[in-house]
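> My structure is below; once you've seen it, I'll send some questions.
The values are calculated or read from the model by the stated rules, or taken from the named source; none is laboratory data. Predicted, not measured: the structure shown is a model, and the values here were computed from it. Please note: Cβ atoms are built from the backbone with ideal geometry, for glycine as well, and neighbour counts cover all protein chains shown. SASA here: full protein model, heavy atoms, side chains in, ligands and nucleic acids out. Shrake-Rupley method; radii C 1.70, N 1.55, O 1.52, S 1.80 Å.
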There are 2 protein chains.
Amino acid sequence: MNSDIKKNRMTDVTLTLWKSDGTPLANQQVTVEQTNHDFLFGTAASDLIPLTNGEYIGGEKESAEQRAEKITALFNAVTLPFYWARFEPQKGNPITEKVKNAARWCLDHKMLTKGHPLCWHTLTADWLLDMSNAEILQAQTARIKRDVSDFRDLIDMWDVINEAVIMPVFDKYDNGITRLCKELGRIKMIKAMFETARDTNPTATLLINDFDVSSAYDILVEGCLEAGILFDVIGIQSHMHQGWWGVEKTLRVLENFERFNLPIHFTETTLVSGHLMSPEIVDLNDYQVTDWPTTPEGEERQAEQAIQHYKTLFAHPLVEGITWWDLSDGGWLNAPAGLIRKDGSIKPAYEELTKLVKGEWWVTPMKLLTNSNGEIHFSGFFGQYKC
Amino acid sequence: MNSDIKKNRMTDVTLTLWKSDGTPLANQQVTVEQTNHDFLFGTAASDLIPLTNGEYIGGEKESAEQRAEKITALFNAVTLPFYWARFEPQKGNPITEKVKNAARWCLDHKMLTKGHPLCWHTLTADWLLDMSNAEILQAQTARIKRDVSDFRDLIDMWDVINEAVIMPVFDKYDNGITRLCKELGRIKMIKAMFETARDTNPTATLLINDFDVSSAYDILVEGCLEAGILFDVIGIQSHMHQGWWGVEKTLRVLENFERFNLPIHFTETTLVSGHLMSPEIVDLNDYQVTDWPTTPEGEERQAEQAIQHYKTLFAHPLVEGITWWDLSDGGWLNAPAGLIRKDGSIKPAYEELTKLVKGEWWVTPMKLLTNSNGEIHFSGFFGQYKC
């Protein structure tokens, strides 16, 4: 095993076991096993919403249930969608209850759930376009207050603002959030969103998130921190439709954020198992295809690169989570980016990640003998254990 | 004339002329003429230092004097070099007196002088490498205090910090300033330099300056402003060795900085009159040639593009200065970037800029008749006039 993984992800434990009469449980054989990771192994899983709301029937329902089983077998975290255009297509009619059902399912299955995102120019509500900037700001902060409050204890982790680097200069189409950000500037915009989320749920874990991994992003983070904005986690997207970054670039990106000494999540990790998107495409959304097949060679490549990518990130002391995007083929951009094929079968990458997350990086049940003081010693990954 | 130039650079003046006895100078013919622009038309001119220190002899001296005449004929501003490695090659022995002679020459010729730069990782003092970061910070701020103070009233405009976007991640070679910036972060570094310069000369005009015109720079400026750093001017380099930006890119770059509503200087403007540097070169310093000739076609192109570039910038309400870089061929990178050829003759670009700066944008002597109240009315460019 990579020595940095050993150093940064494992610890030596001494546990003293007591009998109910208060004396040490000496010289007894006990079984210790890991039940969860502290590290977040997550996936985007928007189809938990229709599944948990009875919207699938017949074979579709069965497939969705099988996918859900594959989520719980590998992952301990789920990102649920809060795209405003879909969450509240008509002003005043949010789909709160539907999303709550999905979040409750996650909680019942011991999955930590993150809401994504609270503020973003893409997929924001169309009806903001009828408002003045002052009204947009009011609506956006009211939305944050409402949703962070409504979901408290179900969802206490949020991508508060998404893609702020491009937000004020986004020029694909007019939208209320870009208008507002252009007026306020990025830092005042971010500050308003974080302060609203923090006030509403002071113990929530709040992320800034971006796909831009140039200096622009770490300079923005620095500007926000100097302006007193408190991030809990820096979120980095890594949609690698154009090819795996490789270890070197991944480490270089991480290096740009190390100086902040804040936890880092790789919030949106994509590796396709089909042909790669052409490198000259700047906005991935410009690549629209009706068919983007998964291939055997592509699946081997995806598996190999997923292993390397997860090993690189798991070894880094500041990284605390990786989210796969999407779970199944045919999600965003219709890409073969899933760990599961369209027919519901798993790809090699799913198997390889399971070997890591629940194998190499997992303490399987082991029999240990307590000493005369009732102590056992073992070395394990940060997480939950039962004894 | 471009209507924006008319709107942003000209004003209507009503002037009342009085006789020494306190009555209006009615119905008299007077001559009004412009003597200077408020707008800064500048040039880099490091060879003013050897010239004003008697280091040229014979034909070299004559050539340098002719170049100096060409400076005063076209420009009203000069950028003098303060590269630390050259300004103080041995710790404690700065060439202050030499540079003062050049600055004094500029003052005598009614040229505004700017010092460039006070803090930069490139061409910084080698002897910083023997110091701890705390000592480097102390030496760097002491340098600023000393030079800003020594040159007060001769030089009251400074590029305080140069290329802060790349400063902490500059990896061409180890240097003290990159080390310090990596530790402090960009914003704390910039703050320290600006506060020192401001404290030393509160009325000086202080610039931040960068070649990076991506979002990283305007996001850095925003972060600095939110952190309370006071810039007087935002400096933008435009070394176009790889080809003229064109009007569209120039306006797009300007647009990124408009929201700050601060004056903008184009601090280092290069257009070559020879072949263009290949577009795939990222760091211009990587292009090292012994010969880079000026050509007749190149000179026509340079002249045409210089006209367009200056017109674009002169029309923009926030731009208050443009500095050409370098005055003569064979300066930085040995490029044919001059307005003057190596043999001392002027290129078409020099003539065309003169036609603008001292022609189309200049009020030549005009005879006006005062009315019965002693008033004359005229329309002119912001600047100085005599009557």
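> Sort A:Tyr173, A:Tyr385 by heavy-atom solvent-accessible area, probe 1.4 angstrom, most to least.
Sorted descending by solvent-accessible area, the residues read A:Tyr173, A:Tyr385.
> Which one, A:Gly115, A:Gly54, A:Gly235, has the greatest fluctuation when you compute a Gaussian network model over chain A with C-alpha springs under 10 angstrom?
Highest fluctuation of the listed residues: A:Gly54.
> While we're looking at this one, here's another question. With label points built 7 Å along Cα→Cβ from the Cα atoms of A:Ser379 and B:Asp153, find their separation and express it in nm.
7.3
> Count charges around B:Glu88 for me, please; just the other residues with Cβ under 10 Å from its Cβ, Lys/Arg as +1, Asp/Glu as -1.
It works out to a net charge of +3.
> Quick query: amide H of B:Ile234 versus all other amide H atoms, modeled in the peptide plane; which residues come in under 5 Å with a sequence gap of 5 or more or a different chain?
Sorted by chain and number, the residues that satisfy this are B:Ile264, B:His265.
> Moving on. Show me, for segment B:7-23, the HN-Hα J-couplings you get by feeding each phi into the Karplus relation (A = 6.51, B = -1.76, C = 1.60, θ = phi - 60°), rounded to Hz, glycine and proline as x.
Along segment B:7-23, the couplings run 5, 9, 10, 10, 8, 8, 10, 10, 10, 9, 9, 10, 7, 5, 8, x, 9 Hz.
> Projected area of segment A:101-194, taken from the Cα convex hull and averaged over every viewing direction, in nm²?
Over all viewing directions, segment A:101-194 projects a mean Cα-hull area of 6.3 nm².
> How would segment A:226-369 be classified by its alpha-carbon gyration tensor: rounded, prolate or oblate, with rounded meaning a/c under 1.5 and the a/b versus b/c comparison settling the rest?
oblate
> Quick check: the angle from helix B:96-108's long axis to the longest principal axis of chain B, C-alpha only, nearest 10 degrees?
20
> Leaving ligands, DNA and RNA out of it, work out the accessible area of A:Met167 with a 1.4 Å probe and give it in Å² to the nearest 10.
Approximately 0 Å² of A:Met167 is accessible to the 1.4 Å probe.
> A further question follows. Full-extension gain between A:Ala73 and A:Cys387, please, as 0.36 nm times their residue separation minus the C-alpha to C-alpha distance.
Additional length available on full extension: 110.9 nm.
> Can you list, shortest first in nanometers, how far A:Val169 lies from the same residue in the other copies, with each label 7 Å from Cα toward Cβ?
Here A:Val169 shows inter-copy label distances of 1.5 nm.
> What's the average, rounded to a whole number, of partner chain beta-carbon atoms within 10 Å of each residue's beta-carbon in A:187-193?
Average per residue, whole number: 1.
> Here's another thing I want to ask about it. Tell me the carbon and sulfur percent of the accessible area for segment B:98-250, rounded to whole percent, probe radius 1.4 Å.
That share works out to 52 percent.
> Solvent-accessible area of B:Ile95, probe 1.4 Å, all protein chains present, reported in Å² to the nearest ten, please.
Taking all protein chains as shown, B:Ile95 has close to 50 Å².
> So, for segment B:221-268, what is the accessible surface per residue at a probe of 1.4 Å, expressed in square angstrom?
35
> How high is the FRET efficiency from A:Asp174 to A:Glu60, r the C-beta distance, R0 30 Å, rounded to 0.05?
E(calc), rounded to 0.05, equals 0.25.
> Please report, for A:Thr72, the nm distances (one decimal) from its label point, 7 Å out from Cα along the beta-carbon direction, to the equivalent points in the remaining copies, shortest first.
Spelled out, the distances from A:Thr72's label point are 8.8 nm.
> Counting helices only, and only those DSSP H runs with n ≥ 4, report the 222 nm mean residue ellipticity of chain A as the sum of -39,500 (n - 2.57) divided by its residues, in deg cm²/dmol to the nearest 500.
Per the formula, -11000 deg cm²/dmol.
> According to the square roots a ≥ b ≥ c of the eigenvalues of the Cα gyration tensor, what is the shape class of segment A:187-254, taking rounded for a/c under 1.5, prolate for a/b larger than b/c otherwise, and oblate for the remainder?
In terms of gyration-tensor shape, prolate.
> Further question: Rounded to the nearest 20 debye, what is the charge dipole size of chain A about its Cα centre when +1 sits on each Lys and Arg Cβ and -1 on each Asp and Glu Cβ?
Approximately 840 debye in magnitude.
> Could you check what % of the DSSP bridge pairs in chain A are antiparallel, to the nearest 5?
Around 35 percent antiparallel, to the nearest 5.
> Please list A:Thr323, B:Thr14, A:Thr72 in order of solvent-accessible area, largest first, computed with a 1.4 Å probe with all protein chains present.
Sorted descending by solvent-accessible area, the residues read B:Thr14, A:Thr72, A:Thr323.
> Quote the total accessible area buried by chains B and A together, excluding ligands, DNA and RNA, probe 1.4 Å, nearest 100 Å².
Roughly 1400 Å² of accessible surface disappears when B and A pair.
> Any of A:Lys98/A:Lys182; A:Lys6/A:Lys367; B:Lys114/B:Lys355 with alpha carbons more than 27 Å apart? Name them for me.
A:Lys98/A:Lys182
> Further question on the same structure: Nearest 0.05, what FRET efficiency do B:Val30 and A:Trp127 give at R0 = 56 Å with Cβ-Cβ as r?
0.30
> Next question. Could you give the angle, 0 to 90 degrees to the nearest 10, between helix B:186-200's Cα long axis and the longest principal axis of the Cα atoms of chain B?
It is inclined by approximately 50 degrees.
> May I ask which residue of chain B has the beta-carbon nearest to the axis carrying chain B onto chain A, and at what distance in whole Å?
Result for the axis mapping B onto A: B:Gly223, 1.
> Compactness ratio of segment B:41-139: Cα Rg over 2.2 N^0.38 Å, N = residue count?
Here the Cα radius of gyration is 1.23 times the empirical estimate.
> What does the convex hull of the Cα atoms come to per residue for the protein assembly as shown, in Å³?
It is 231 Å³ per residue.
> Another question, if that's okay. Return the average number of partner chain Cβ atoms within 10 angstrom of each residue Cβ along peptide B:166-177.
Averaged over the peptide's residues, the number is 1.
> Still on this structure: What accessible surface, in Å², does a 1.4 Å probe find on A:Arg259, ignoring ligands, DNA and RNA and rounding to the nearest 10?
Approximately 90 Å² for this residue.
> Using all Cα-Cα distances in chain A, what percent lands in each 20 angstrom bin from 0 up to the longest?
Computed distribution, short to long bins: 26, 56, 16, 1.
> Would you please give the FRET efficiency between B:Glu248 and A:Val247, computed as 1/(1 + (r/R0)^6) with r the Cβ-Cβ distance and R0 = 35 Å, to the nearest 0.05?
With R0 = 35 Å, the Cβ-Cβ based efficiency is 0.35.
> Same structure, new question: How long is the gain from A:Leu15 to A:Glu304 if the chain were fully straight, where each residue apart is worth 0.36 nm and the alpha carbon distance is subtracted?
Roughly 100.3 nm would be gained on extension.
> Let me ask something else about it. Beyond 18 Å between alpha-carbons counts as too far, so tell me which of A:Lys91/A:Lys188; B:Lys19/B:Lys386; B:Lys7/B:Lys311 fall in that bin.
In this structure, A:Lys91/A:Lys188 exceed 18 Å between Cα atoms.
> Which distances in nm, rounded to one decimal and ordered from shortest, link the label point of B:His377 to the equivalent label points in the other identical copies, with labels set 7 Å from Cα toward Cβ?
9.9
> Continuing with the same structure: Considering the options A:Leu318, A:Ile281, A:Leu339, tell which one lies farthest towards the positive end of the dipole of segment A:281-370, charges being +1 on Lys and Arg and -1 on Asp and Glu at the Cβ, about the Cα centre.
Ranked along the dipole, the leading option is A:Leu318.
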